[in-house]
Amino acid sequence: VLADAADTDEARFGRRLRDAVAETGTEVDVTAEHGADETHAIVSAASVVAKVERDRRMAEIDERYDREVGSGYPSDPTTRAFLAGHVEEHGELPACARATWATCEDALAAAEQSGLSDF
């Protein structure tokens with residue numbers, strides 16, 4: 001496997017990827033490099049396929065919640081607004097949210113804080 005390292009430590013990313021694949025019962029050698037999508041055509045092509053698939057899935061999430069969710073990335077203002085609105089309305093994160101993200105923790109914390117108008 002040749003992968004674009006999504007971690008500051010290429011070796012650590014390679015180990016984590018190898019271990020995740022091993023959990024499926026398949027053993028692979030993994031080479032993880034920063035910028036692999038720029039230096040290896042196969043990684044670049046896989047990146048394009050992954051983006052198209054991700055965009056399709058985000059469109060499905062938009063439909064499921066009947067509103068624009070945004071890119072789903074934690075820094076996206078549309079995603080942040082969606083999470084905050086959902087928590088405010090339902091008291092919990094939506095099922096599609098990755099609860100370990102600081103963005104989700106922020107939305108939950110903001111909903112728990114009392115405003116002056118609550119007194």
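The values are calculated or read from the model by the stated rules, or taken from the named source; none is laboratory data. As the structure is a computational prediction, the values presented were derived from the model and not from experiment. Cβ atoms come from the backbone with ideal geometry, glycine included; neighbour counts cover every protein chain shown. Side chains included, ligands, DNA and RNA excluded: accessible areas come from the protein's heavy atoms. Shrake-Rupley method; radii C 1.70, N 1.55, O 1.52, S 1.80 Å.
Mind listing the long-range amide H neighbours of Thr31? Cut-off is under 5 Å, sequence gap 5 or more, other chains count too, H placed in the peptide plane at 1.01 Å from N.
Correct list: Leu2, Ala3.
At a Förster radius of 30 Å, what calculated FRET efficiency corresponds to the Cβ-Cβ distance of Arg54 and Gln113, to the nearest 0.05?
The formula returns an efficiency of 0.40 here.
Could you work out what % of the accessible surface of the chain is carbon and sulfur, using a 1.4 angstrom probe and leaving DNA, RNA and ligands out of the count?
Heavy-atom surface of the chain belonging to carbon and sulfur, 1.4 Å probe: 51 percent.
Determine the distance separating the Cα centre of segment 56-119 from the Cα centre of segment 1-53; give it in Å without decimals.
Spelled out, the Cα-based centre of one part sits 29 Å from the other.
Quickly estimate the mean residue ellipticity at 222 nm for the chain, helices only: each DSSP H run with n ≥ 4 gives -39500 (n - 2.57), and the total goes over all residues, rounded to 500.
Theoretical 222 nm ellipticity from helices: -18000 deg cm²/dmol.
Find the accessible area per residue for segment 9-69; the probe is 1.4 Å, ligands and nucleic acids are left out, and the unit is Å².
75 Å²
Quick check: from the Cα gyration tensor, does segment 41-99 come out rounded (a/c under 1.5), prolate or oblate?
Prolate shape, in that a/c is at least 1.5 and a/b is the bigger ratio.
Report the dimensions of the chain along its three principal axes from the alpha-carbon atoms, largest first, rounded to Å.
Here the Cα extents, ordered largest to smallest, are 60, 28, 27 Å.
Over the Cα atoms of segment 1-61, what radius of gyration and what Dmax do you get, in Å?
Over segment 1-61's Cα set, Rg and Dmax evaluate to 12.9, 34 Å.
So how strong a dipole does segment 23-88 carry about its Cα centre when Lys and Arg Cβ are +1 and Asp and Glu Cβ are -1, to the nearest 20 debye?
With only Lys, Arg, Asp and Glu charged at Cβ, the dipole is about 240 debye.
From a point 7 Å beyond the Cα of Tyr73 in the direction of its Cβ, which residues of segment 2-27 have a backbone N at a distance under 19 Å?
4-9
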